[in-house]
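Undergrad: I have a structure I would like to understand better, so I am pasting it below and will then ask my questions one at a time.
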Amino acid sequence: MQDLLFVLLILTGFVFLGSGRMQFGIRTVALQGILLGLIPLLGNLQDLWARLTALAVLSLAIKGMVLPYFLTRAMHKSKALHEDNPFVGFTASMVVGIICLGGSFWIASRLPFIDSSQPKMAVAVSLFIVLVGFFVIISRRKALSQVLGYLVMENGVYIFGVAFAVDVPWLVELGVLLDVFVAVFVMGIVIFHISKSFDHIDTDQLSSLTG
Amino acid sequence: MILILLCLAICTVAGIGAWLTRRSPKLTSALGQGGAVSGAALGMVGAISVMASGIPEGLRCSWSVPFGSCSIELDALSAFFLLPVFLLTGLAAVYGARYLSQPKYASRLGSHWLFFNLLSASMVVVIVARNAILFLMAWEIMALASFFLVTLEHERESVQRAGWIYLISTHLGTAVLFFFFILLGSKSGSLDFDSFQSAGEVIGPQATLLFILALIGFGTKAGIVPVHVWLPEAHPAAPSHISALMSGVMIKTGIYGIVRTLIWLDNPSVEWALTLIGIGGVSGVLGVLLALAQHDLKRLLAYHSVENIGIIFLGLGVGVLGQATGTPILTVLGYGGGLLHVLNHSIFKALLFLGAGNVLHGAHTLNLENTGGLLKRMPWTGTMFLVGAVAICGLPPLNGFVSEFMIYAGAFHAVQSLDAFAAIPSILAILALALIGGLAVACFTKAFGIIFLGQPRSQHASEAHESAAAMRWPMVVLAALCVLIGILAPLSPVMLRPVILQVAPLAALLVSDSMAQIQTTLAVIVGVMLLCALLAALLLWRRRTKLTGRARADAVTWDCGYAAPTARMQYTAASFAQPILRLVAGIVRLPKRFTQPKGYFPSAGSFSTETPDVVEREAWAPAFRIVERVLMRFRWIQTGSIHLYILYMAITLIVLLIWKLW
Amino acid sequence: MLNLPSLIPFLIALGTAPLLLGVIQRTKAITAGRQGQPILQPYFDLSKLLRKGAVYSRTTTWVFRAGPLLSLAGLGTALLMVPWGSVPATIAFSGDFVLVLYLLALGRFFTIAAALDTGSSFEGMGASREALFAALTEPIVFAVLITLVRLTGEMSLTNMYQQMSLILRSASGAALILLIVIMFVILLTENSRIPVDDPTTHLELTMIHEVMVLDHGGPDLAFILYGSALKLWIFSALLAGLILPVYTGNLLLDGLAFLSGMFGISVAVGVVESVMARLRLLLVPHMLIGTTAIAAVCIYLTLG
């Protein structure tokens, strides 16, 4: 069952790479957040169930609802409805995604400290999601896309954390969530202000600010 | 063996004879052609007899050259590689004699036949040589002879450029080979191949280095990406039968070298298989993509050589994978498929190049956009070209399918039985083959469809004529071989058995087991294909009976109501390939020149694209520019004064003397 | 290898393949609230076309006439090797799927050549697009086969599909679901259905497969229509075996389960055609590469 979730997560990664519509991207990231929330619940709960459930509910609420709502508002305000002219095309992005997927599975199979008890799949998927987020941040122009890329990257880190949930104190987890929330908040404000003063949010135009 | 020696002697003597009699075109042509054909026929008998008996024949005598010895041997592997050499030498000679009978070649016949015969003889020596010095000498003669053949029409600037690129790249490859043989020789203590054979343990950790050197050195001749750049330049420049000979067999000497190296180096690893498959996949896919972008038929075919070398590498990779993991069926299918593809590619590629020659001869152009409708005017050439096109796409029931099927089957066996790490190369091989297959169909429907079907797009094309019989029947022979190898597919493992046993030291029993399995499969495939042919015949008969006595009208093509279509409105080669090329625009750039029509009554507008080689432009050209810049600093040495040059020599000699005496 | 009773499924397939087309069209009609044509309409069309004469363009050569024959012959032979789910195919051998796919490719080669033979730019355009889509689907189909070989450990279609019921019990359910999605996309692409191509469109510029056969008429067109029915059957059969991996051992039951799966798929195709619009042409490669990504996930799942 957990495998199915991981597969769905990979697919959201590809959907995210292959689409240029912001609304769609936000929804994909939201879906990814919801899926993430479900992962710990479907795993081996043992005596950690209370902690994990709390974590899941919190992440569902923040990543599945609060952030998407906030981002949608930012999108409408900045009028950045579509990623118009990315550095790497959407089809090519998916090809890059396939290569990233291969690479992350390869790395996961080579990492020495993973014993058979931890799901290898989780490590591979988390690496893949991090790479996807990273790639989107590099290859897209709009600031909103980059915020989304950042969120996806953070989701990847979260999966990695869940895979090793036993070793990670939950305060750290909470800290990560909070961190993201604040980061997105700040970025949202920045986007809003950039769009207000320059009429567009193409980050590659920021270099024109330098003297 | 004696037959091979006789063949060498005849070729050399006939070549020199042809050059001496160059004043009389008739005599020189007869000598050159006769020598090549009779030599090839004798050699063919020799090679086939060794293939049949399986007993290697050798000749070893000493030679005064340091480290050299005049060792030659004809074993199964050599005999197998000699088959296409002799076949194509003979056919190309017959074709070439007719092709060159135009007056503009009259003054060049002497040198042509000299180098033609030398090229054939040197290829034979390369394949039978058993000493590194002898091998490298023959290798160099082969390179030079083919250089002079490529530059036969040396007054054309494009030909000069092509000649230089070829000369430079082949020598860079040879330089790497020197290093390879010196390293190998220093390990094994002698430059005789026999000592390499037993040097497996001595080499040890340096095996991978040697493997890489061999890949670069031999790969340059074979034309793998990224050292393929000479192929698309040299093939269009050379006369068609020379292109056929070079693309059909000369580049296969590179494959021969790599297979020989694999025999010498023990214990191949999965990483080697991955390397071979990686190179094969990249060469195959990039080759076919670049081929798709070409408008010149011969350049297109040259890029397809890159693609097919890639397929051969995929086969060899699967074979190495079998050796590395100890799975006999993979070894048999991989090497079997790869080697059979060597033979197959020689046949259909030569067929296609001869077809290109006929197109050039009949329609005076090789530009796809100026041709069209040639099937009606050149029915023989067109039909034979179609056979070659179907064969090169690897479609059943022709020979290309047999070898590709063996590689597929081997790779799928690997997917089925190996663990994840070892299965990855085979998965890549399958996906690469599938992609290549799909793109090859696109490319050859384009080549055949645009040239031979539809309506003529130019004056020349509408006045095209069929070629003379001597330029047709070599094509017929090759096309018949394509069909024959396809139909006799179950026999191919029998033919390949001694070769595979030589390449991979396997227990004969295991090989026989795998062989029997493949033979049954191939027999079933041939049965199914016969059924398919039967079905097609049935449908043909049914349509004929249905249509008898009914209205059959000839009309114009559906023109959507537009009354005055012209031939120039047809889909062109460029437009046919555009959707695919647009998709890979990141890899294969298509610089465009576009003049937009202006105003309400535009007078002129034009649009054209070209396809420079991406590797040449993005990698080699900058690299050579840097080399040039560095070397320019040493220009002050070149003063042009002869005294100074003598001084340099003297200094060098003295330095050497002191160094030796120290 | 070849025994007479195993010919029965083949013969039934030959007979019922056009019915699939009828079911699709009927489904579309019902979803649109129309009465629709009789479900046997494809048969009526075929028999009408077979009774007609022929018109050939003066530009064409024998290649044009060979196209429909070779393509149908290839499809008919390929059908021999396609199993009915767990009911074995007439011919099965190790690596038979490669031959099946290459027979289809052979047919495609000559269909494209026949289209170019007319010298019409419409048909050239269709041919070009067909070549593109085929080149993109080929690796996906092989990726599916890699996954199946890896999951079942078998090398022929018949054996693979007999093992399918066992897979369901093992832990590779996720891969199976993905395979079904991929195969459905391949089915739509290879058979030129919406959203890739619209078989009912009336504008030449927007057609892909249909525009390639514009100049064929009479018996030739009948061969082509029948061929496309067989092609639909082949890809539906490969999909039906994945959707309903039933293996009772009773040939009759298995066969019935398979047939119900086949018609279920036709209904699904009809529904998709009713609710979706055709994709913009440039988006089709995008979709196919997305499918390749899913296929890559499938392969990785079997490697782990």
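The values are calculated or read from the model by the stated rules, or taken from the named source; none is laboratory data. If you're wondering where the values come from, they're calculated on a predicted model, not measured in any experiment. A quick note on method: Cβ atoms are made from the backbone with ideal geometry, for glycine too, and the neighbour counts reach across all protein chains shown. Heads up: the accessible areas ignore ligands, DNA and RNA and are worked out on the full protein's heavy atoms, side chains in. Shrake-Rupley method; radii C 1.70, N 1.55, O 1.52, S 1.80 Å.
Every residue, every condition in (1) crowded, with 20+ Cβ neighbours inside 10 Å; (2) under 26 Å from residue B:445 (Cβ atoms), yes or no:
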residue: C:15; (1), (2): no, no
residue: C:27; (1), (2): yes, no
residue: C:31; (1), (2): no, no
residue: C:37; (1), (2): no, no
residue: C:58; (1), (2): no, yes
residue: C:86; (1), (2): yes, no
residue: C:102; (1), (2): yes, yes
residue: C:114; (1), (2): yes, yes
residue: C:118; (1), (2): yes, yes
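Undergrad: If you don't mind, another one. Go through segment C:204-224 and count every residue that is outside any helix (DSSP H, G or I) and either farther than 30 Å from residue C:58 by Cα or within 9 Å of another protein chain (Cβ to nearest Cβ) (or both).
TA: Looking only at that region, the number is 2.
Undergrad: Of the conditions (1) open to solvent by 20 Å² or more (accessible area, probe 1.4 Å); (2) modelled with pLDDT of 90 or more; (3) under 29 Å from residue B:561 (Cβ atoms); (4) away from chain B (no Cβ under 13 Å), residue C:273 fails just one. Which one is it?
TA: (1)
Undergrad: Given B:219, B:204, which one is assigned to a helix (DSSP H, G or I), among the small types (Gly, Ala, Ser), within 22 Å of residue B:250 (Cα to Cα) and not assigned by TED's automatic domain parsing to the domain that holds residue B:142?
TA: Result: B:219 is the single residue among B:219, B:204 that is assigned to a helix (DSSP H, G or I), among the small types (Gly, Ala, Ser), within 22 Å of residue B:250 (Cα to Cα) and not assigned by TED's automatic domain parsing to the domain that holds residue B:142.
Undergrad: Still on this structure: Can you find even one residue in segment B:175-186 that is more than 26 Å from residue B:623 (Cα to Cα), in the same structural domain as residue B:143 (by TED's automatic domain parsing) and of a type in the set (Ser, Thr, Tyr)?
TA: There is at least one residue in segment B:175-186 that is more than 26 Å from residue B:623 (Cα to Cα), in the same structural domain as residue B:143 (by TED's automatic domain parsing) and of a type in the set (Ser, Thr, Tyr).
Undergrad: Another question, then. Somewhere in segment C:45-55, is a residue away from chain B (no Cβ under 14 Å) and within 24 Å of residue C:213 (Cβ to Cβ)?
TA: Yes.
Undergrad: Could you please find all residues in segment B:454-481 being within 14 Å of chain C (Cβ to nearest Cβ) and at pLDDT 95 or above?
TA: None; the set is empty.
Undergrad: Name every residue in segment B:434-451 that is at the interface with chain C (Cβ under 8 Å from one of its Cβ atoms) and either of a type in the set (A, V, I, L, M, F, W, C) or surrounded by fewer than 24 Cβ atoms within 10 Å (Cβ to Cβ) (or both), in order of residue number.
TA: Across segment B:434-451, the qualifying residues are B:434, B:435, B:439, B:441, B:442, B:444, B:448, B:450.
Undergrad: Among the helices (runs of 4 or more DSSP H) contained in segment A:4-94, which hold 3 or more residues that are among the aliphatic types (A, V, I, L, M) and either within 20 Å of residue A:137 (Cβ to Cβ) or in contact with a Cys (Cβ under 7 Å, 6 or more places away or on another chain) (or both)?
TA: In segment A:4-94, A:22-42, A:67-78 are the helices (runs of 4 or more DSSP H) which contain 3 or more residues that are among the aliphatic types (A, V, I, L, M) and either within 20 Å of residue A:137 (Cβ to Cβ) or in contact with a Cys (Cβ under 7 Å, 6 or more places away or on another chain) (or both).
Undergrad: For segment C:44-71, which residues satisfy the criterion of being within 19 Å of residue C:123 (Cα to Cα) and of a type in the set (A, V, I, L, M, F, W, C)?
TA: Matches in segment C:44-71: C:54, C:55, C:62, C:63, C:64, C:66, C:69, C:70.
Undergrad: Could you list, in sequence order, all residues of segment B:550-578 that are more than 9 Å from every other protein chain (Cβ to nearest Cβ) and open to solvent by 40 Å² or more (accessible area, probe 1.4 Å)?
TA: Residues satisfying the conditions are B:561, B:562, B:563, B:564, B:566, B:568.
Undergrad: Open to solvent by 10 Å² or more (accessible area, probe 1.4 Å), assigned to a helix (DSSP H, G or I), closer than 23 Å to residue B:228 by Cα and β-branched (Val, Ile, Thr) - does that describe any residue in segment B:281-292?
TA: Checking segment B:281-292: at least one residue is open to solvent by 10 Å² or more (accessible area, probe 1.4 Å), assigned to a helix (DSSP H, G or I), closer than 23 Å to residue B:228 by Cα and β-branched (Val, Ile, Thr).
Undergrad: Could you list, in sequence order, all residues of segment B:539-549 that are at the interface with chain C (Cβ under 7 Å from one of its Cβ atoms) and modelled with pLDDT of 90 or more?
TA: Within segment B:539-549, B:539, B:540, B:543 meet the criteria.
Undergrad: Does residue C:109 satisfy the criteria of being within 8 Å of chain B (Cβ to nearest Cβ), among the aromatic types (Phe, Trp, Tyr), open to solvent by less than 10 Å² (accessible area, probe 1.4 Å) and in contact with a helix residue (DSSP H, G or I) (Cβ under 8 Å, 6 or more places away or on another chain)?
TA: When the stated conditions are applied, residue C:109 passes them.
Undergrad: Looking only at residues in segment B:421-431 that are within 9 Å of another protein chain (Cβ to nearest Cβ) and open to solvent by 30 Å² or more (accessible area, probe 1.4 Å), which one is farthest from residue C:301 (Cα to Cα)?
TA: B:431
Undergrad: Can you work out which of the residues in segment B:579-598 that are closer than 24 Å to residue B:451 by Cα and facing chain C (nearest Cβ under 7 Å) is surrounded by the fewest Cβ atoms within 10 Å (Cβ to Cβ)?
TA: Ranking the candidates gives B:579 first.
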